[in-house]
Amino acid sequence: MYNKIYEKIKEYNTIVVARHVGVDPDALCGQLALRDAIKLTFPEKKVLAVGTGSAKFTSIGKLDKQEDVSNALLIVVDTPDIKRVDSVDFTQFSYKIKIDHHPFVEKFCDIELIEDTACSACEILMKLLLEIPLKCDKNIASKLYMGLVSDSNRFLFNSCTSETFTLVAKYIEKYELDLSSMYQKLYLRPLNEVRLEGYISSNMTVTKNGLSYIEITDKIINEFGVDSAAAGNMVNNFNFINEVIIWTTITEDIKNNQIRVSIRSRGPEINKLAEKYGGGGHKFASGVKLKTFEEARTLMKDLDKLLEDYNKEVDNGN
């Protein structure tokens, strides 16, 4: 399948690389790295990386301006279903490719490279660039490393295997990656975000079953001077609280008229419950977009019941 993807890349003169809404480093780094690798290999091609950006990730790289295209190739990375693809009109493309590490949701592309045991989309792209004649350089390799590190939460998840570490070692050695500078790009934060994190720690609700949640309203977002994407991504900062098994952020996004719920777990699988509410994701990292805080509160009740059942099973030794 890797070679089929390469043949399609060779075939088309105009290529658009897209990813999911609600940008995160794995999706952004993956699409920018793939764009740059294609442009480095085929300088004559028009290759665009498109989507809505976030001020939080400007140090990683710049997206391209939207353009009308026709008879083009679309490559979608890190996105399992069509409704989550950001900022593209599917009617403009004559051929479509998906490269993804989420569990299968639906087929919407002609070629679908899905490796749901990979820790990140960037891990798949790392393998792809080693297997096909697309060129890579230090800049491209650095983006792939940052995407992998971010989505694996610095190699903390069980989705990181010996293959992951072998792959990373090859890239570090071959491209002499500067790990310190990459971690600074990923994890340096403004003081107002740190203060919001302190607010979340002080005000989150924790149930007796081990569910943690907090509603981050637009008023709170404005008080701390952050954007809704930065607020929602803070769910990843609360992994290791002894009394918490599932933790969530419920973030108001006025611009897109939605309530974004980010869910993480170190116990029960949560993606099926997220799918019930129109969302989805991985077994232990999922998300949902809702219309109201009331819907989110109902989801919290379901998550708490999921934890109650899970705790009973654990107590019974199952």
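Readers should treat all values here as calculations from the given coordinates under stated rules, not as data from a laboratory. None of these values were measured; they are calculated from a predicted model. Don't worry about glycine lacking a Cβ; one is built from the backbone with ideal geometry, like all the others, and counts go over all protein chains shown.
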- Could you please rank Thr161, Thr251, placing first whichever residue has the fewest other Cβ atoms within 10 Å of its Cβ? Thr161, Thr251
- Query: Fewest to most neighbouring Cβ within 10 Å: what's the order for Ser181, Ser262?
  - Reply: Ser181, Ser262
- Item | Residues of type lysines that Lys301 reaches as a straight line, Cα spacing below 24 Å, ignoring anything fewer than 8 places off in the same chain | Lys208, Lys272, Lys276, Lys283, Lys289, Lys291, Lys312
- When you take every Cα atom in the stretch 1-75, what is the radius of gyration, and what is Dmax, the widest Cα pair distance, in Å? 12.4, 36
- Could you line up Asp78, Asp253 from fewest to most neighbouring Cβ atoms inside 10 Å? Asp253, Asp78
- Query: Counting Lys +1, Arg +1, Asp -1, Glu -1, what net charge surrounds Lys301 among other residues with beta carbon under 15 Å of its beta carbon?
  - Reply: -3
- Query: What percent of all Cα-Cα pairs in the stretch 191-315 falls in each 5 Å bin, counting up from 0?
  - Reply: 2, 11, 23, 25, 20, 12, 5, 1, 0
- Cα-based Rg of the stretch 163-218 per 2.2 N^0.38 Å, rounded to two decimals? 1.82
- Query: Once fully extended, how much extra length lies between Tyr187 and Thr298, figured as 0.36 nm per residue of separation less the alpha-carbon to alpha-carbon distance?
  - Reply: 36.7 nm
- So what does log10 I(q)/I(0) come out to for the stretch 2-186 at q = 0.12, 0.19 Å⁻¹, using the Debye formula with one equal point on every Cα and no solvent? -0.50, -1.38
- Message: How charged is the neighbourhood of Tyr187? Take every other residue with its Cβ under 12 Å from the Cβ of Tyr187, and add Lys/Arg as +1 and Asp/Glu as -1.
- Response: +3
- Task: Can you tell me the relative contact order of the chain? Whole percent, Cα pairs under 8 Å, sequence separation 6 or more.
- Result: 13 percent
- Could you sort out which of Lys219/Lys305; Lys143/Lys305; Lys4/Lys138 sit more than 28 Å apart by Cα distance in this structure? Lys219/Lys305; Lys143/Lys305
- Message: On C-alpha positions alone, give me the angle between the axis of helix 138-151 and the longest principal axis of the chain, in degrees, nearest 10.
- Response: 20 degrees
- Just for the chain, what percent of DSSP beta bridges are antiparallel, to the closest 5? 45 percent
- Query: In deg cm²/dmol and to the nearest 500, what is the mean residue ellipticity at 222 nm of the chain if only DSSP H runs of at least 4 residues count, each as -39500 (n - 2.57), divided by the residue total?
  - Reply: -12500 deg cm²/dmol
- Between the modelled labels at Lys170 and Thr91 (7 Å from Cα along Cα→Cβ) the distance in nm is 4.3 nm
